[in-house]
Amino acid sequence: MAKTSVISGFYKLSPKERLAIVKDIACLTDEEAALLENTGALSMDTVDHMAENVIGVFPEPLGLAVNFQINGKDYLIPMATEEPSVIAAACYAAKMVRDGGGFHTSSTAPVMIGQVQVVGLKDAKHAKNQVLAAKADILKKANDQDPVLNSFGGGAKDLDAKIIDTTMGQMLIVELYVDCRDAMGANAVNTMAEAVAPLIERLTSGQVYLRIISNLATKRLAKAWCTVPKEALGGEAVVDGIAYASAFAAADPYRAATHNKGAMNGIIAVVLATGNDHRAIEAGAHAYAALKGPYTSISKWTKNVNGDLEGVIELPMAVGLIGGAVKTHPVARVAMKILGVKSANEFAEVLAAVGLAQNLGALRALANEGIQRGHMSLHARNIAITAGAKDELVDLVAERMVKERKVRVDRAKEILDELTKRQ
Ligand code: NAD
């Protein structure tokens, strides 16, 4: 078959039929095709309904972070990640924080922002006043869309409007503030934004284009903080190193991006494991980091008067216990059960604590022996597997490479050859 990416009616086929076509085009072996069809805990029918043009399932390791104590309560935290050392670092950091009394957290109400973009206005100020004067009608129209959300105490609670100058002239942006309770809320908010658009057009005599949630969820923030005894970290020099690392990240966007990535390593792994929308969380975190000026760090670490380390993180956290894939993905449902959170707010706060722990784990290693020692020993296992090692040979090959400080596939193959000849 010719290698064209135009496959007419591909979406109408069954996953099996689609896979047969791909197998042919990409010259997959029977074994390779079978790997995609191995759906594990999911049925092909389930995944076919979750996304489009499905040809199989992409599995990820699911691990458990232990040692977490948040507001005096213990949590087992499921994490889905392909990156070695993330879960180990979270566990290690949570243990150090536990020595200092665990994590403390807070969060705002679960309010998301829905934006309605109005263009073609003769008098933007007048249009804004018209919208604000009709607030009650607009909110009623929005709330009529979701009686279920209202029944849980959520719904559109308020609105505002702002005039922005753009390359295509002035625009009026109407913002709905929707309490999403235990939902992430994108579908709920988008439905409301679409429903109020005709009324807003009538009120402003303008034209509405976009009607969509904002992922910069500044009204839905989660915060976590902790104190880590210097003894748990390995001394005051490590505390100083972490404080210096934090100051570096606060002042330099190049460092801040990696600092924040470290925190997101943990947060995204939990978000993924629970079937939540990790793109929404990434987008919100990084936009929040750049909200008040140049891009900066979402967490801060300082030394207190006792010489111990104090850390705090704050970021938007739009996650849900229902909606999206949270209830349709059977493994996500089990992950949620293991996590044992009772509300989206509690979940958001756990995620903030995980982000702080993950950030601490990375900074402690960076400020101490450097990140490579711990990271490479885990990475070496992946390299050993890539080189063809199986079972107990994975650890044997990995250990040798780390000892030699040569973590490379070519070296892994040599060691593997040597060890298999010996056997
Ligand atoms: P959803 O529409 O599946 O579920 C939310 C609905 O569940 C609510 O509107 C409410 O009617 C009902 N509900 C039942 N019990 C509830 C409770 N206890 N609390 C609150 N609501 C309750 O999902 P959603 O959360 O509105 O949207 C999430 C999905 O939207 C995700 O899959 C996400 O990927 C997707 N999405 C995201 C974006 C974005 O982030 N930009 C855009 C579009 C879609």
statement: With a Förster distance of 22 angstrom and the Cβ-Cβ distance between T29 and T386, calculated FRET efficiency to the nearest 0.05 equals 0.75
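What pairs in K95/K390; K16/K337; K140/K327; K300/K337; K157/K261; K95/K261 have C-alpha atoms more than 24 Å from each other? Walk me through the numbers before you get to the answer.
Values: K95/K390 32 Å; K16/K337 32 Å; K140/K327 29 Å; K300/K337 31 Å; K157/K261 33 Å; K95/K261 21 Å.
Distance filter (> 24 Å) returns K95/K390; K16/K337; K140/K327; K300/K337; K157/K261.
Let me have the 222 nm mean residue ellipticity of the chain computed from DSSP H runs of 4+ only, each contributing -39500 (n - 2.57), with the sum over all residues rounded to the nearest 500.
Mean residue ellipticity, 222 nm, calculated: -16000 deg cm²/dmol.
As an exercise, take the mean of 1/r over every pair of distinct alpha carbons in segment 115-221, invert it, and state the Kirkwood radius in angstroms.
That comes to 13.9 Å for segment 115-221.
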- prompt: Does anyone have the angle between helix 409-422 and the longest principal axis of the chain? Alpha-carbon axes, 0 to 90°, nearest 10?
  reply: 40 degrees
query: What percent do you get for the relative contact order of segment 263-391 when only Cα pairs under 8 Å and 6+ apart count?
result: 29 percent
- request: Rounded to whole Å and ordered largest first, report the semi-axes of the equivalent ellipsoid of the chain derived from its Cα gyration tensor (root of 5λ).
  value: 42, 32, 20
task: Over segment 133-183, consider all pairs of different Cα atoms and compute the Kirkwood hydrodynamic radius from their mean reciprocal separation; express it in Å, one decimal.
output: 12.2 Å
query: For the chain, what's the relative contact order in percent, using C-alpha pairs closer than 8 Å and at least 6 residues apart?
result: 17 percent
- line: XL table K3/K413; K135/K162; K230/K342; Cα-Cα > 23 Å flagged, in table order, is K3/K413; K230/K342
- prompt: Using Cα atoms only, what is the angle between the long axis of helix 372-386 and the major principal axis of the chain, expressed in degrees (0 to 90) to the nearest 10?
  reply: 80 degrees
- request: Output the Cα-based Rg and Dmax of segment 53-149 in Å, rounding Rg to one decimal and Dmax to a whole number.
  value: 23.7, 62
- prompt: Can you give the net charge of the other residues whose Cβ lies under 15 Å from the Cβ of F10, counting K and R as +1 and D and E as -1?
  reply: +1
field: Peptides 339-347, 55-63, 90-98 ordered by average Cβ neighbours within 10 Å, highest first
entry: 90-98, 339-347, 55-63
message: Using the Cα centre of segment 144-268 as origin and beta-carbon charges of +1 (Lys, Arg) and -1 (Asp, Glu), tell me which of A232, G155, L210 is placed farthest towards the positive end of the dipole.
response: A232
- prompt: On a 0 to 90 degree scale, rounded to 10, what angle separates helix 124-133 from the longest Cα axis of the chain?
  reply: 90 degrees
query: Which whole number of Å³ per residue matches the convex hull of the alpha-carbon atoms in segment 178-309?
result: 155 Å³
Carbon/sulfur fraction of accessible area - the chain, other protein chains in place, 1.4 Å, %: 55 percent
- request: Select from S299, S14, S214 the residue whose mean-square fluctuation is largest in a Gaussian network model of the chain (Cα-Cα springs shorter than 10 Å).
  value: S14
task: Specify the residue with the greatest mean-square fluctuation among A136, A51, A290, computed from a Gaussian network of the chain linking alpha-carbon atoms under 10 Å apart.
output: A51
- request: Taking the Cα centre of the chain as origin, sum charge times position over the Cβ atoms of Lys and Arg (+1) and Asp and Glu (-1), and report the length of that vector in debye to the nearest 20.
  value: 620 debye
The chain, accessible area per residue, ligands and nucleic acids excluded (1.4 Å, Å²): 50 Å²
message: Give me the one-decimal nm value for the distance between modelled label points at E52 and F10, 7 Å along each residue's Cα-to-Cβ direction.
response: 1.1 nm
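The values are calculated or read from the model by the stated rules, or taken from the named source; none is laboratory data. These figures come from a predicted structure and were not determined experimentally. Counting neighbours? That spans all protein chains shown, and the Cβs are built from the backbone with ideal geometry, glycine included. Just the protein is used for accessible areas: all its heavy atoms, side chains included, with ligands, DNA and RNA removed. Shrake-Rupley method; radii C 1.70, N 1.55, O 1.52, S 1.80 Å.
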